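The values are calculated or read from the model by the stated rules, or taken from the named source; none is laboratory data. What you see is a predicted model, and the numbers here were worked out from it, not measured in a lab. Neighbour counts are summed over all protein chains in view; Cβ atoms, including those assigned to glycine, are modelled from backbone coordinates with ideal geometry.
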Amino acid sequence: MNNLIFLIIFLIIFSSQFDRNNGNVTINLNEKRQVIDGFGASTAWQGAVSDQIMNE
């Protein structure tokens, strides 16, 4: 009887986790939505890094 109750609770909890009405996602890698300025660059492993690369 305890196994049956556990099974029913398990099915109720996990059957509600799946949504069949999934939407579409469009990803445009060429469009900038956020620019982080002043994030910085590290020369710990590479040595000198040009200003152009640091400012990207």
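The one condition from (1) modelled with pLDDT under 80; (2) surrounded by 10 or more Cβ atoms within 10 Å (Cβ to Cβ) that F6 does not meet is (1).
Evaluated against (1) at pLDDT 75 or above; (2) in a loop (DSSP other than H, G, I, E, B); (3) not small (G, A, S), L11 falls short on exactly one condition, (2). Taking the criterion of being under 28 Å from the mean Cα position of the chain (by Cα), modelled with pLDDT under 80 and either on the phi < 0 side of the Ramachandran plot or surrounded by 10 or more Cβ atoms within 10 Å (Cβ to Cβ) (or both), would at least one residue in the stretch 24-31 satisfy it? There is no residue in the stretch 24-31 that is under 28 Å from the mean Cα position of the chain (by Cα), modelled with pLDDT under 80 and either on the phi < 0 side of the Ramachandran plot or surrounded by 10 or more Cβ atoms within 10 Å (Cβ to Cβ) (or both).
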